[in-house]
1. Suppose we filter ALA270, ALA283 for residues that are closer than 17 Å to VAL350 by Cα, touching a strand residue (DSSP E or B) at 6+ places or on another chain (Cβ under 9 Å) and surrounded by fewer than 24 Cβ atoms within 10 Å (Cβ to Cβ); which single one remains?
2. If a residue must be surrounded by fewer than 12 Cβ atoms within 10 Å (Cβ to Cβ) and out of contact with any strand residue (DSSP E or B) (no Cβ under 8 Å at 6 or more places or on another chain), how many such residues does the range 439-481 contain?
3. Scan the range 64-71 and tell me whether some residue there is crowded, with 17+ Cβ neighbours inside 10 Å, touching a residue at least 60 places away in the same chain (Cβ under 8 Å) and touching a Cys at 6+ places or on another chain (Cβ under 8 Å).
4. Where residues in the range 14-37 are within 19 Å of GLY85 (Cβ to Cβ) and in contact (Cβ under 8 Å) with a residue 40 or more places away in the chain, which of them is surrounded by the most Cβ atoms within 10 Å (Cβ to Cβ)?
5. Quick one: would you say THR82 is modelled with pLDDT under 90, at positive phi and out of contact with any Ser or Thr (no Cβ under 7 Å at 6 or more places or on another chain)?
6. What's the number of the condition LYS36 fails, among (1) in contact with an Asp or Glu (Cβ under 9 Å, 6 or more places away or on another chain); (2) at pLDDT 90 or above; (3) within 21 Å of ASP100 (Cα to Cα); (4) not acidic (Asp, Glu)?
7. Let me confirm something: among LEU165, LEU92, LEU104, LEU124, which residue is touching a Ser or Thr at 6+ places or on another chain (Cβ under 7 Å) and at pLDDT below 90?
8. Within the range 56-75, work out how many residues are among the polar types (S, T, N, Q) and either touching a Leu at 6+ places or on another chain (Cβ under 8 Å) or at pLDDT 90 or above (or both).
Amino acid sequence: MVCAPQWYAERKKFNERNYLPVGMCFAAKSPTYKFKGFSPPFDGQNVRSMSYLNTGSCQFGISAAHLKAQNTFALGAPGCWTWRGDTWEVGLAPDSDKHDLRHLGKQIWQDGNMNTKWENSYYLGYSVASFKFAGQNGIVSSIPRITDESDLTEGEALGPSIVVLTQNSDNNTLKVSLKISPSKVNVDDIRFAFFGYSLATLDTNGDGLEDLVVGAPFYSSSKDSYDQGAIFIYMQIGSEYDPYKMEEEDSAPQRKGSKSFSRFGSCLAAIGDLDGDGYEDLAVGAPFMTVDSDEDAGTGVVYIYMGSEEGLGKDDTRQMIKAEPKLYGFGSSIAQQLPSIEGQGYDLAVGAYGSDTVLVFKSKEVVDVIWNMTFIGKIDFSKDECICEQLLRLCPCIDLEVCLIYHKKNVKYEDNIKLGFNITLSTVNDELFFSNEKTELQEKFEVEEDKRKCKILRVLAKPGIEEIRLFTIMGHVNFSKEEKKSNY
């Protein structure tokens, strides 16, 4: 599916010609099929009666998300109803012009459900994402603007906030199940931060519940800075015995852009479990970040935050990706390659709109290796049984068994790849050495996944030694494989 939110309908009325930015999306089963356009705000409407007061300026498709559990799409339309906004859930039927549709509709703004005055320009639907709340599959949709001057805590101003949308019992409309607003930040700091410019949902702490990350790229933490950007984390807590709720982090926001005009949080992407530790990770774009010097102004970076039992890591643990060679606007968009099987690794595509370029970053396997060393028997220093070629004589010796087994934690390919492992062993003195008559030895293993393999290595001792009271053998493991050719 691809969307054109500024697709317009031409309206002729009273000898005037107007162009209405309704928005249109196009869908097909695959790129080889013919794309068919659809626009719920426009389809079946009388164009002459359309205007910005209803669905004439919806900009349908300005945001979109695939709802995997329902196999439907969430689509934002922030310009509907005098820019109050709307959100659609669309079940595509590529072989038919009839789609399964449901949305909030104008009524949501008139019946008091949103706890707000009848104001314009909230921009509901500016960003959308799939979200499972309290065991029910739904949608999160952002309302990034404030149009009322009341204090946020008094409930008069609707934005900025995020609403959780679920199906009504009639299955034909959506309802607001929960509203989430920033509560631990100064109102003036968040008023123009565009809270909800971007959204991402992922299980950051491995508890089985999806959490919510909200981008606010125009956030500033002081009067001396501007457009640093920040992200806000809301953890889902609850169970069948306790009411589900979203809990904002203490001292929010804890993750911010480090420089003015970074616009950190302009793009968010849940990128799966990159490092195979069982926790989902997050990519955050800061497309105007100045990396090294003023000459790099506006080049941009992408930050990777790793999930953990405590949730997403903080700024001091994040990893930075920057474009080489230098590009502008890097991190303005991020897309992940969907894995074909559960647990596969993820590759990332990062857009740099200022340079009309997309870079693809290939993820690598994370391998969990278990290995051990065991001496076979005991060394008898009184018996010279093994040949020491450099000494031109026999030496005491003992056999050392080294065993290894590995498991790939984030599989990239379905086929079974043999990996080569180098084990480096070293002793702390020259009394013991290996069959190469050096104190260091590299041994290569070719091992199939989940299959234990062992090798017997010969360890020799200098002649004339009666005993060794203390010695150490240290090992280091690394792996390599033959890289497959990239399709990019």
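The values are calculated or read from the model by the stated rules, or taken from the named source; none is laboratory data. These figures come from a predicted structure and were not determined experimentally. Neighbour counts run over all protein chains shown; Cβ positions are idealised from the backbone, glycine included.
1. ALA270 is the lone residue from the list that is closer than 17 Å to VAL350 by Cα, touching a strand residue (DSSP E or B) at 6+ places or on another chain (Cβ under 9 Å) and surrounded by fewer than 24 Cβ atoms within 10 Å (Cβ to Cβ).
2. Count: 5.
3. Yes; the residues of the range 64-71 include at least one that is crowded, with 17+ Cβ neighbours inside 10 Å, touching a residue at least 60 places away in the same chain (Cβ under 8 Å) and touching a Cys at 6+ places or on another chain (Cβ under 8 Å).
4. GLY23
5. Numbers: modelled with pLDDT under 90: yes; at positive phi: yes; out of contact with any Ser or Thr (no Cβ under 7 Å at 6 or more places or on another chain): yes.
It is true that THR82 is modelled with pLDDT under 90, at positive phi and out of contact with any Ser or Thr (no Cβ under 7 Å at 6 or more places or on another chain).
6. Of the numbered conditions (1) in contact with an Asp or Glu (Cβ under 9 Å, 6 or more places away or on another chain); (2) at pLDDT 90 or above; (3) within 21 Å of ASP100 (Cα to Cα); (4) not acidic (Asp, Glu), the odd one out for LYS36 is (2).
7. Numbers: LEU165 fails: at pLDDT below 90; LEU92 fails: touching a Ser or Thr at 6+ places or on another chain (Cβ under 7 Å); LEU124 fails: at pLDDT below 90.
One residue alone meets the criteria, LEU104.
8. Applying the first criterion (among the polar types (S, T, N, Q)) to the range 56-75 yields 57, 59, 63, 70-72.
Then drop every residue that is not either touching a Leu at 6+ places or on another chain (Cβ under 8 Å) or at pLDDT 90 or above (or both), which leaves 57, 59, 63, 72.
Qualifying residue count, the range 56-75: 4.
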